[in-house]
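The values are calculated or read from the model by the stated rules, or taken from the named source; none is laboratory data. Keep in mind it's a predicted model, so treat the numbers as computed, not measured. Ideal geometry is used to build each Cβ from the backbone, glycine not excepted, and the neighbour counts take in all protein chains shown. Ligands, DNA and RNA are excluded from the accessible area calculation, which covers all protein heavy atoms including side chains. Shrake-Rupley method; radii C 1.70, N 1.55, O 1.52, S 1.80 Å.
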Amino acid sequence: MSLLQVEGLGIDFGGLRAVNDVSFSLKAGEIVSVIGPNGAGKTTLFNMISGVYLPGRGRILLAGEDVTGLGPHLLAERGLSRTFQNLQIFQTMTVLENVTVGHHLHERGSILADLLGLPGSRLRSQASEAGARELLKRVGLAQAAERTAGSLSYGALKRLEIARALALQPRVLLLDEPAAGCNAVETEEIDHLIAEVAAEGVSILLVEHDMKMVMRISNHIVVLDHGEKIAEGEPAAVARNPRVIEAYLGAQAVEAADVDG
Amino acid sequence: MAEFMQFLLSGVTVGAVYALVALGFTIIYNASDVVNFAQGEFVMLGGMITVFSYQAGIPLPLAAILAILVTAAIGVALNKLAIEPARGAPVVSLIIITIGASIFIRGLTQIAFDKQLHRFPAFSGDTPIAIGGATILPQSLWVVAGALMVFIGLWLFFTKTLTGRAVLATANNRIAAQLVGINTRYIMTLSFALSAAIGALAGVLVTPITLTSYDVGISLALKGFAAAMLGGMGNPKGALVGGLLLGVLEAMTAGYISSQYKDAAAFIVILAVLFAMPQGIFGRKVTDRV
Amino acid sequence: MTMKLSSKTTTLLVLTLVVVALPFLFPSSYYFRVGSLIFVNGLAVTGLVILTGYAGQISLGHAGFVGIGGYSCALAPLHIGLHPALAVILGAVLSALVAWLVGRPILRLKGYYLAVASLGLGALVAMVLANEAGLTGGPDGIAVADLGLRPLLKSLGLDMSNPVFWYAFTGLIMLIGAWLALNLFHSPTGRALRALHGSEVAARTVGVDVAKYKLRAFVISAVYASVAGSLLALQNKFITPDVAGYMHSIELVTMAVLGGAGSVVGAILGAAILTTLPQVLTVFQEYEQLVLGLIMMLVMIFMRDGLLPSLARLIRGRGE
Amino acid sequence: MLTVEGLRSRYGRIEVLHGIDLEVGSGEIVTVVGANGAGKTTLLRCLSGIQPVSSGSIVFRGESLNSVPAYRRPARGLAQSPEGRQIFTNLSVEENLRLGAFLFSDDKVERDMEEAFVMFPVLREKRNLAAGGLSGGQQQMLAIARALMARPSCLLLDEPSMGLAPILVAQIFEVVKGLRALNVTVLLVEQNAFGALSIADRGYVMETGRITMSGPAKDLIADERIREAYLGI
Amino acid sequence: DIRIGATVSETGPASFLGDPEAKTLKLLVDEINAAGGVLGEKLELVIYDDGGDPNKARTFATRLVEDDEVTAVIGGTTTGTSMAIIPVAEDAEIPFISLAGAIEIVDPVKPYTFKTPHTDRMACAKIFDDMKKKGFTKIGMISGSDGFGASMHKQCLAIVGDYGIEVVADETYGPSDADMTPQLTNIKNTSGVQAILNPGFGQGPAIVTRNYAQLAVGLPLYQSHGVASNGFIDLAGASAAEGIRLPGTALLVADLLPENDPQRAVVAAYKKSFETATGKPVSTFGGYAHDALRILVDAINRAGKADPAAIREAIEQTKGLVGTTGTVTMTADDHLGLDLTAFRMLEIRDGSWKIVD
Ligand SMILES: Nc1ncnc2c1ncn2[C@@H]1O[C@H](COP(=O)(O)OP(=O)(O)OP(=O)(O)O)[C@@H](O)[C@H]1O
Ligand SMILES: Nc1ncnc2c1ncn2[C@@H]1O[C@H](COP(=O)(O)OP(=O)(O)OP(=O)(O)O)[C@@H](O)[C@H]1O
Ligand SMILES: [Mg+2]
Ligand SMILES: [Mg+2]
């Protein structure tokens, strides 16, 4: 059974059909990539799935449950987590705290305990912090743990977001251009990380313009253009699809990918 | 009917006063996201300086112009001496600076002038004009005309001129503004000068109606602020409509419901409007993509 | 290696030390009065730190809750015969209730819109207090019953003069308030609040129920303000609607920002400065306002993040 | 054209550029590559003047820029497409472009804008919409187009290909190459080091605030260390 | 030296009142010292500005009593500040003379608390007396919602029935309102209204008067003692203010007082010295401070020593002291010591005051 299922999803902004009638599904441990030209509606699709936008049409099923219209925090409770194309960092908090907040759902106790500083509250904090440190190590930011997040470079912040999203221990992880601002070597590191996470059974929905990465790690690719799904399938098949090449990849890129492939 | 007309005229009179103050907020806000809590003091200075120049024998029109110029200069000084040196400070810190400035200006005025109430003659006499069985003072028409003029001026400035757009750009993203060659310091100075001048003009126009003294600024600023937020901060249209709406609302409540709770009614309506329109009536919704 | 105290414990120890040690420097009991005012304001501002500093929500109407707390102590003993100590609790419950009821819609607003809405809320409270003269005594205020704690202490053999008693009592409550707020900072709730301050969307996607947490911060800060108002009323034995007015709200926010919004000690420092300043500035006579405005501007110009963070930076800078 | 010597810069008390020496000749395309946090963005910010320089000199067309405020630099011919795009989100796309040409009021502004629309047709579609509503890649296009509106003689590009679809990445590199013909000097910071080095004349490698290697782009592409560290080959 | 303390509202919403009070106190203390002081000692005045904030007033009162160790306190410009000072003075057993209007300050009598201004109730009584004489039975009220207006409003309502008068329209306005035509329209349209009373101070009454002229209400308009200063006529405009009646003190009509009026010399002297020193016209409120200091000095002289308890005793025995507000005679259960004769009904005619009773 698919973990995440999207059926006929759509939304309009003013007169613009930003996303229209998009359907696909995602199984446990699978990596599905959504690609498409700039403005195709990939981020908007993410925003609907993660509850940031209310879908105008269609349904979203998470593990069989209809979660259309639920707010992001309710989806988070059901195991859905994401990163952002336009960084959403808690600027004034430390790097460690940024990730610790990711454990929010696992550390909830009574607010009274928090106010009174009861041992329970402290223990929960410590557990979250320990988890957060682990994750920072995983994304290569262990050194920066005590720094203010606002002082990191762009690429570091991208990785910080991934760590924070992982802290939720999600079943479904949405990554919006995780490798943007990272060079080829750094991108490969992220590759490995994603593959590792998927291997642990987490389903991953990925938006990324780095075709090498997409081709390398995706099990399945969905292609959007002007809000509509124009193609779908195995990476190799999608890469050869003329519509995809024309709208998105361009002839050169295909050559380059072929060379490396 | 005559009754309704009278309430309406009263509302328009008061509303135009609020609108003028609210319009004064827009420029500095648009240039820096700072709500200048000293805006009321600019209004007060406009009135007070005119009063004292007039008492010193300067003809009223000249006294008014002098007041506007001096207040604009004070606005520039405020920017140069207090806002600019704090460059890079968080917006709240800048707001506290403007609160400090308003206390300072008030303190200065009470020493330089006095603590008495003052007024100067209305521009076109005190003979009421009858409209539909109700009356309005000629000075109210001056205030309304002033508010309309300032509104049109600001509207043209922000939509038709490159400088106006540079002002918006400065608040939206100061770094980017510098990158395209905008002298953001100059924009700030200009904004303070214009805001102060508009404030002072308001003071000149309203003093024959509301009277003035060193401490009228606080309540004017408060009402102007509320009006601006009701209409949508930063939008001249919002300031005008917000001001008039607030004025009419108060007058209607005072007339038909209870004069004691007219301010309360105004705030309740503001709350209700904001619940339905979190950006005020004309405020633009900021789109921040994630 | 030496035992390292957590920064929270150090902060509390220093605060307590200051509260306890200061009286040895006091030449007259008037200083106890000023001290207790600092503590009362410090308590209210600590509540604001939770709302504004932690959660990033502006309130220009917090004095409304001060008013609710204060008037509870004035009216409940008078009209329903409640003991003043219980009236403090009644006030806190009432404030929490009001905050809880109006908090949700108000806190959907952002920035200046939130500021103006909260300002309206505070203004409404002040208006009711001033207008319902039959119940509240109107704009001229109303007398407040005695708390009765001092006589009780006296019967237990602890005889304190009025200002000394209030110094100790408000000091204790402020310390408790600071302790709670500091606990909150590094707790899961505190982190959630600071997170939604940084980015609401991101906070929501990690599972923070933003509306709920904002509301919690609002309610907690309302209770702080309310208790501060009660203490003020009980101490002054008299209260007027001015305590609920927007001037007072702005004063509270100014204290928080001046000291360094976001830090409890900063807020208390801000309260201390803005409370003492008018007392010190009396030497300037009619120039008082002028100097007060000037000092506020200078502090914010040269210490843009507020006194405490700037001082801390200065000290750390020296250390290196 | 642009000479940087011993450039140091800091955030607060932490120095992140420890003496950068760099030179860009007239009409040259020079690229800077380096890992996350190396200081590339900081370097560009110093050049455009929005980041204070603690020591060292920046000489542009024979004149020192050190004491020239940021807003005067576009008039000297320096324009930047910054990291994070920094567009005016509340203003329309067209207003963003017009502000890019803030210093000019001649007819050429309209023609430049037309060119920008030809280069990025989406921007024409969205010209009256608030720039904040654009997709990430569309915003990136706007940032580049806005920088070009300033008619720079030297263009500073901070990761221009970030967030762009492959087809556009190729196009951007073409555009940059095309600038050589217009005698526009380009300093290009890129994570797509392969692409950047392919079109550049020369390149610099930056590591934790220092230049550790430099040379003709061809040589760098061929260098084993670079292939391993930055190109992932 | 004999140290006396004062806390008044030199700034803030009541600065209109507090400013002349502060000036008067400073001026008179200088005059007294120039004339040799009291009991051969110089008077030392410690004065603070409480900005009209009761909380601050209480702090300053504490400071005066505890830190400055004054022998008596004058002040409390408003009822609110006065009420906040009372517990401090009573606790410390220091005589306190308030400058505020409300009757609560001296009723019930507290041992150490006194006051100089007429109570609001007396002002109401004076006005209703006049209305009754003119045969009015139905009136409209428009009151300021600040402390002054609200307090007088309350007192007036409490006694209006005693005069066979009914308040048929009752409106208010805020202290910084700019237009009161809606309220006045409503009063005007209430059937049977024969006169209008406007308790308030500051700009409100001036605006009410102007709106009243604008609407051509045409009914007799009564103002309160809150506007009893020459400035009011200028602010309202002489033609709009024509015919207004209000209860005022002798101070306002110093020049019009009959030769044999006992207050004539006192008010003339105060008026002269205040106006030469400050260049501003005298106001009733400065007069309150004048009287407070006179009562205090008189009491110290009679007590023969600057001892708080003795001074308190002496103040309570003040007899026939002529001040600007009236002739003061205190007793153990009257800590005000004025009666209605101190008020004079004044009318504005041709831009100046006339005594009409
Ligand atoms: N809030 C909004 N208001 C107006 N238009 C919007 C909004 N959000 C998205 N759009 C429009 O919807 C379209 C899809 O945008 P979206 O951000 O989803 O694209 P994308 O596929 O993520 O592109 P990119 O690869 O550049 O990130 C774009 O044309 C964009 O302008
Ligand atoms: N605002 C800031 N405050 C403090 N330190 C900062 C700030 N911005 C950047 N830094 C630090 O300066 C160093 C250089 O950062 P910079 O952004 O210049 O790197 P970069 O080479 O552009 O990296 P990326 O490829 O990730 O964009 C990094 O260590 C970063 O953490
Ligand atoms: Mg996107
Ligand atoms: Mg960078």
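Order the following by accessible area, largest value first: E:Glu69, D:Glu114, B:Glu250. Probe radius 1.4 Å; ligands, DNA and RNA are ignored.
E:Glu69, D:Glu114, B:Glu250
Which cross-chain or sequence-distant (5 or more) residues have an amide H under 5 Å from the amide H of D:Ser55, H modelled 1.01 Å from N in plane?
Result for D:Ser55 returns D:Arg8.
Picking from B:Thr207, B:Ala166, B:Ala176, whose Cα lies most toward the positive end of the charge dipole for region B:9-217 (charges on Cβ: Lys, Arg +1; Asp, Glu -1)?
The residue sitting most towards the positive pole is B:Ala176.
Can you give the direction-averaged projected area of the convex hull of the alpha-carbon atoms in region A:34-91, in nm²? Numbers along the way, then the final one.
Working: hull surface 19.1 nm².
If you wrap the Cα atoms of region A:34-91 in a convex hull and average its projections, you get 4.8 nm².
Compute log10 of I(q)/I(0) for region E:174-253 with the Debye formula, placing one identical point scatterer on every Cα and leaving out solvent, at q = 0.16, 0.25 Å⁻¹, to two decimals.
Debye curve over Cα of region E:174-253, log10 I(q)/I(0) at q = 0.16, 0.25 Å⁻¹: -0.55, -1.31.
Go through region A:67-80 residue by residue and turn each phi into a ³J(HN,Hα) via Karplus (6.51, -1.76, 1.60, θ = phi - 60°); whole Hz please, and just put x for glycine and proline.
Couplings: 10, 4, x, 6, x, x, 5, 6, 5, 4, 4, 8, x, 10 Hz.
Could you work out Rg/(2.2 N^0.38 Å) for region C:29-245, with Rg from alpha carbons only?
Numbers: Rg = 17.9 Å, N = 217, 2.2 N^0.38 = 17.0 Å.
In units of the globular-protein estimate, region C:29-245 measures up at 1.05.
For C:Thr276 and E:Lys110, what does the FRET efficiency come to when R0 = 30 Å and r is the distance between their Cβ atoms, rounded to the nearest 0.05?
On the way: r = 31 Å, r/R0 = 1.02.
My answer for the efficiency is 0.45.
Rounded to the nearest 10 Å², what accessible area does D:Glu83 have for a 1.4 Å probe in the complete protein model?
About 50 Å², ignoring ligands and nucleic acids.
Just checking the output field for D:87-99: average partner chain Cβ neighbours within 10 Å of each residue's Cβ?
So the per-residue partner count for this stretch is 5.
What value in Å³ per residue do you get for the convex hull of the alpha-carbon atoms in region B:183-228?
Dividing the Cα hull volume of region B:183-228 by its residues yields 86 Å³.
What average number of partner chain Cβ atoms lie no more than 10 Å from the Cβ of the residues making up C:138-150? All intermediate terms of the calculation are to be shown ahead of the outcome.
Working: counts 10, 12, 18, 11, 3, 5, 1, 0, 1, 0, 0, 0, 0.
Mean number of neighbouring Cβ atoms from other chains: 5.
Based only on Cα atoms, what mean projected area does the convex hull of region E:245-357 have, in nm²?
Value for region E:245-357: 8.0 nm².
By DSSP, what percent of the beta bridges with both residues in chain D are antiparallel, rounded to the nearest 5?
Details: 22 of 40 bridges.
Counting DSSP beta bridges with both partners in chain D, the antiparallel share is about 55 percent.
Give the average, rounded to an integer, of partner chain Cβ atoms located within 10 angstrom of each Cβ in A:43-50.
Across A:43-50, the average partner-chain Cβ count within 10 Å equals 2.
Given a Förster distance of 41 Å, report the FRET efficiency between D:Ser57 and C:Leu17 from their Cβ-Cβ distance, rounded to the nearest 0.05.
After rounding, the FRET efficiency stands at 0.20.
Round to a whole angstrom and tell me the spacing of the C-alpha centers of region E:104-183 and region A:27-69.
So the separation of the two Cα centres works out to 69 Å.
I need the Kirkwood Rh of chain A: take the reciprocal of the average 1/r across all distinct C-alpha pairs and report it in angstrom.
Final number for the Kirkwood radius of chain A is 19.1 Å.
Rounded, prolate or oblate, given the Cα gyration tensor of region C:158-201, with a/c below 1.5 counting as rounded?
prolate
Specify the inter-centroid distance of region C:116-160 and region D:72-88, based on alpha-carbon positions, in whole Å.
58 Å
Measuring from centroid to centroid over Cα atoms, what is the spacing of region C:13-86 and region C:210-280 in Å?
7 Å
Can you put A:Ser50, D:Ser55, D:Ser105, C:Ser7 in order of accessible area, largest first, using a 1.4 Å probe?
Most to least solvent-accessible, the answer reads D:Ser105, C:Ser7, D:Ser55, A:Ser50.
Which residues' amide hydrogens lie under 5 Å from the amide hydrogen of B:Ala134, considering only partners 5 or more residues apart or on another chain, with H built in the peptide plane?
none
Please tell me the relative contact order of chain E in percent, rounded to the nearest whole number, where contacts are Cα pairs under 8 Å and at least six residues apart. If you can, show how the numbers build up before the last one.
On the way: 789 pairs, mean separation 59.8, N = 357.
Relative contact order here is 17 percent.
In Å and on Cα atoms, what radius of gyration and Dmax does region B:9-217 show?
Using the Cα atoms of region B:9-217, the pair Rg, Dmax is 17.7, 59 Å.
Name the helices (complete DSSP H segments) of chain B with a Cα length along the long axis of 20 Å or more and a Kyte-Doolittle mean of at least 0.5, or state none.
B:2-32, B:39-55, B:60-78, B:91-112, B:138-160, B:184-210, B:217-231, B:236-252, B:262-276
Pull up all non-local amide H partners of E:Leu321: gap of 5 or more, or a different chain, and H-to-H distance under 5 Å with H placed in the peptide plane.
Result for E:Leu321 returns E:Val328.
Compute the distribution of all C-alpha to C-alpha distances in the protein assembly as shown, in bins of 20 Å from 0, and list the percent of pairs in each, rounded to whole numbers.
9, 33, 33, 18, 7, 1
In Å, what Kirkwood hydrodynamic radius results for region D:1-153 from the alpha-carbon pair distances?
After inverting the mean inverse Cα-Cα distance, the result is 16.6 Å.
Find which of D:Ala165, D:Pro121, D:Pro82 sits farthest along the positive direction of the dipole of chain D, computed with +1 on the beta-carbon of Lys and Arg, -1 on that of Asp and Glu, about the Cα centre.
D:Pro82
Given labels modelled 7 Å from the Cα in the Cβ direction, how far is it in nm from A:Asn219 to E:Glu31?
Distance between label points: 9.9 nm.
Computed on alpha carbon atoms, what radius of gyration and Dmax characterise region C:229-287, expressed in Å?
Cα only, region C:229-287: 13.1, 34 Å (Rg, Dmax).
Could you check what % of the DSSP bridge pairs in the protein assembly as shown are antiparallel, to the nearest 5?
50 percent
What shape does region E:121-199 have by the C-alpha gyration tensor, where a ≥ b ≥ c are the square roots of the eigenvalues, rounded means a/c under 1.5, and otherwise prolate means a/b greater than b/c and oblate the rest?
Working: a/c = 2.38, a/b = 1.25, b/c = 1.91.
Oblate.
Among E:Gly320, C:Tyr113, E:Val70, whose Cα lies farthest out toward the positive end of the dipole of the protein assembly as shown, if unit charges sit on the beta carbon of Lys, Arg (+1) and Asp, Glu (-1)?
Value computed over the given set: C:Tyr113.
In whole Hz, what ³J(HN,Hα) sequence does region C:102-113 give by Karplus (6.51, -1.76, 1.60; θ = phi - 60°), x for Gly and Pro?
Couplings: 8, x, 4, x, 5, 6, 6, 7, 10, x, 5, 5 Hz.
How large is Rg/Rh for region A:89-168, to two decimals, with Cα atoms and a Kirkwood Rh?
Working: Rg = 12.7 Å, Rh = 12.6 Å.
That ratio equals 1.01.
What does a probe at E:Ser352 reach in region E:257-281, counting residues whose amide N is under 15 Å from the point 7 Å along Cα→Cβ?
Counting backbone N atoms under 15 Å from the label point, the list is E:257-258.
In Å, the Kirkwood hydrodynamic radius of region C:206-255 over pairs of distinct alpha carbons?
The answer is 12.7 Å.
Limiting things to C-alpha atoms, what are the Rg and the maximum Cα-Cα separation (Dmax) for region C:95-147, in angstroms?
Gyration radius and largest Cα-Cα distance of region C:95-147: 14.3, 41 Å.
Which whole-number value in Å³ per residue fits the convex hull of the alpha carbons of chain E?
For chain E, the hull spanned by Cα atoms encloses 118 Å³ per residue.
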